[in-house]
Amino acid sequence: MGSYNYERCRTCGLLTLDPFPTLEIIENHYSEKFDAGNYQTLLSFSDRYRQIYIDYVKWIGRHVRLPGKRTLDIGCFTGELVAALMTEGADARGVELQERAVRIAEKRLPGRVFAVNIDEADGPFADASLDVITLMAVIEHVQDPVKLVRRIRTLLKEGGWLFLETPNASSWPAQLTRRFWPLLAPVEHLHLFSERAIRHALEDEGFDVVELRPHVKWLPAAYVYDMLQYYGPEWRAVAGPLFRVLPESVRQRTLFPFFAGEMLVAARARLR
């Protein structure tokens, strides 16, 4: 991990990057990743990754009826989850800090995706105006995740829902592979929550955790192999011989179950 390490909280198991990168380092990192990194991989596999967003919507739908619900996806990238939520009748919008991703989203979702920070937004993001907020693969990137959770609580109506996905530092892949866990990604991942840590963060800010479970993703082998150059290059070297014997059609189109140690969390805003 170069000059970076992760410090573990002995009480809750939260991993925090040390030394903590400056805002300039973080901004430069994401600019480079968008041009030639894991974000380009996500864009190039967007059609095959779409099933992940469909699965998110199915999971959310088991907790709340989506038709007509005012929904906000924070960190929506190019708006795939916003579009999937809309197909189920949700009044969905998204916010995203990467302006180039917003421009891509605006082409097919005009007026639905905004290049704003939720701390500065108003209108559809007014306090206590939303039924559902989604936060998929975002909280681990945030400099101050507790501040974000606190803001989310103000945006939700009483009894509103927060659905999030994030790496689980207490998962068996994390415990088994330790410093070789692929989701230890300095600068990209600033905070990695354990199950105890995410429960504490949510409950302390007015949420009741309703569900917490592992997130198994069905993905093409080509996507996973490409991503391993950014997350766990050691594992890419191990997987290389097996990957190369797979037929190209299998690499690109067949979906396999992968579990890297991520979790899905459903939490409901506690009545005051």
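Rule-based calculations on the coordinates, nothing more; no lab input. Everything quoted here is computed from the prediction, not taken from an experiment. Here the Cβ is made from the backbone with ideal geometry for all residues, glycine too, and neighbour counts use every protein chain on show.
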Note down, for segment 6-79, the three equivalent ellipsoid semi-axes (square root of 5 times each alpha carbon gyration tensor eigenvalue), biggest first, whole angstrom. 29, 22, 13
Per-residue HN-Hα couplings for segment 67-80, Karplus 6.51 cos²θ - 1.76 cosθ + 1.60 at θ = phi - 60°, whole Hz, x for Gly and Pro? x, x, 6, 6, 10, 10, 9, 8, x, 7, 6, 9, x, 4
Using the Kirkwood formula on alpha carbons, the hydrodynamic radius of the chain in angstrom works out to 19.3 Å
Point-charge dipole on Cβ atoms (K/R +1, D/E -1) for the chain, about Cα centre, debye to 20: 820 debye
The answer for Phe258, listing residues at least 5 apart or on another chain whose modeled amide H is closer than 5 Å to its amide H, is Lys217, Trp218, Leu219
I want the local charge near Arg150. Using Cβ-Cβ distances under 11 Å, sum +1 for each Lys or Arg and -1 for each Asp or Glu among the other residues. -1
From phi via Karplus (6.51, -1.76, 1.60), per-residue ³J(HN,Hα) for segment 230-244 in Hz, x at Gly/Pro: 9, 10, x, x, 4, 6, 5, 5, 5, 7, x, x, 5, 4, 5
With θ set to phi - 60° and the Karplus curve 6.51 cos²θ - 1.76 cosθ + 1.60, what are the ³J(HN,Hα) couplings of segment 165-182 in order, to the nearest whole Hz, using x for Gly and Pro? 10, 7, x, 10, 5, 9, 6, 5, x, 5, 6, 6, 8, 6, 6, 9, 4, x
Whole-Å distance, taken between Cα centres, linking segment 148-162 and segment 208-253: 33 Å
Summing +1 for each Lys or Arg and -1 for each Asp or Glu, what net charge is found among the other residues whose Cβ lies under 13 Å from the Cβ of Glu195? 0
Förster-model FRET efficiency, 51 Å R0, Arg213 and Glu27, C-beta, rounded to 0.05: 0.90
Counting helices only, and only those DSSP H runs with n ≥ 4, report the 222 nm mean residue ellipticity of the chain as the sum of -39,500 (n - 2.57) divided by its residues, in deg cm²/dmol to the nearest 500. -11500 deg cm²/dmol
